[in-house]
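Report on the structure given below.
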Amino acid sequence: MLTEPTLDKLKALNLQAMAAAWLAQRDDPKVAALDFDERFGLLVDAEWLHRENKRLARLLREAKLRIGHACVEDIDYAPARALDRAIVRRVATCRWVHEHQHVVITGATGTGKTYLACALAQQACRKGHRTLYRRMPRLLHEVALARADGSYVRLLARLARADVLVLDDWGLTPLGDPTVADAILDRILNNAHRIELRGPTRRKPNSAEA
């Protein structure tokens, strides 16, 4: 079989990872002992993994997480934090996303709320969910600008496309009318998974979640 025409066809079909894996198989004597189905399965796995990694990289890039390296595997369960592993495991499944529920993380300043939120957001990206991170002051500023320049509808459409919307730093900026604020919080807290963080501040150079 001629190698170059086959490679050209694989690349034309946008199967670059499969093409690279096929070339690697030809140079690996161990692969020669495998039957066709096993070798073909390895090629498909290589292409699938490549596309999954690209998809995850795109979702994480679009999410714009404040702490990009945050992940559920590195969450600190120090006793002082009183963080329930069972709750974290439950929300890490991202079933709450499918069920259109919320996760509310509360705690004193510096207890790691942003890290935990970003870790769960990264997990959502790994599960294939479109995610978007915004600090509330910035979001309110974006809304005000959008109302002024006529792009308000486009902004709402962009936010609506997200499966998971992370709203950080609640309470730093007043929400406005108390009645409206109560209505918003009532909708968010209803059927929400609530996580309360305790313990001393983690905003220190030697803290893994700093």
Using the count of nearby Cβ atoms within 10 Å as a rough guide to exposure, how do LEU116, LEU83 rank from fewest to most?
-> LEU83, LEU116
Would you work out the relative contact order for region 72-197, in percent, from Cα pairs under 8 angstrom that are 6 or more residues apart?
-> 40
Quick one: net charge of CYS94's neighbours, Cβ under 11 Å, K/R +1, D/E -1?
-> +2
Mean Cβ count within 10 Å, highest first, over the residues of peptides 15-23, 73-81, 119-127 | 119-127, 15-23, 73-81
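Run the numbers on the chain and let me know its relative contact order in percent, using alpha-carbon pairs under 8 Å that are six or more apart.
Details: 218 pairs, mean separation 54.8, N = 210.
The value is 26 percent.
For a 28 Å ceiling on Cα separation, which of these pairs sit above it: LYS30/LYS127; LYS9/LYS127; LYS11/LYS64; LYS9/LYS30? Don't skip to the answer; put the middle values down first.
On the way: LYS30/LYS127 34 Å; LYS9/LYS127 31 Å; LYS11/LYS64 31 Å; LYS9/LYS30 26 Å.
As for pairs spanning more than 28 Å Cα to Cα, those are LYS30/LYS127; LYS9/LYS127; LYS11/LYS64.
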Say each of CYS71 and THR109 gets a label point 7 Å from the Cα, pointing the same way as Cα to Cβ; how far apart are those two points in nm?
-> 3.2
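Taking the mean number of other Cβ atoms within 10 Å as a proxy for protection, how do you rank 156-162, 132-138 from highest to lowest?
Numbers: 156-162: 12.1, 132-138: 17.0.
With the highest mean Cβ count within 10 Å placed first, the list reads 132-138, 156-162.
Please give the net charge around ALA117, taking every other residue with its beta carbon less than 9 angstrom from that of ALA117, where Lys and Arg add +1 and Asp and Glu add -1. Don't skip to the end; give the middle numbers.
Working: positive: ARG66, LYS113; negative: ASP168.
Cβ neighbours under 9 Å give a net charge of +1.
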Please give the FRET efficiency for HIS98 paired with ALA78, using the beta carbon to beta carbon distance and R0 = 41 Å, rounded to the nearest 0.05.
-> 0.85
What residues qualify as long-range amide H neighbours of GLU196, i.e. H under 5 Å apart, gap of 5 or more or another chain, H built at 1.01 Å from N?
-> THR106
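So what's the projected area for region 69-210, the Cα convex hull averaged over all directions, in nm²?
Over all viewing directions, region 69-210 projects a mean Cα-hull area of 9.4 nm².
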Return the single residue from GLU62, GLU38, GLU142 with maximal mean-square fluctuation; model: Gaussian network over the chain, springs between Cα atoms under 10 Å.
-> GLU38
Between the helical axis of 16-26 and the dominant principal axis of the chain, each derived from Cα atoms, what acute angle in degrees is found, rounded to the nearest 10?
-> 40
Could you please report the charge total around VAL166, scoring K, R as +1 and D, E as -1 over all other residues with beta-carbon less than 14 angstrom from its beta-carbon?
-> +3
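No value in this document is a laboratory result; all are computed from the given coordinates. Keep in mind that what you see is a predicted model, and the values were worked out from it rather than measured. In this analysis, Cβ positions are derived from the backbone assuming ideal geometry, glycine residues included, and neighbour counts consider all displayed protein chains.
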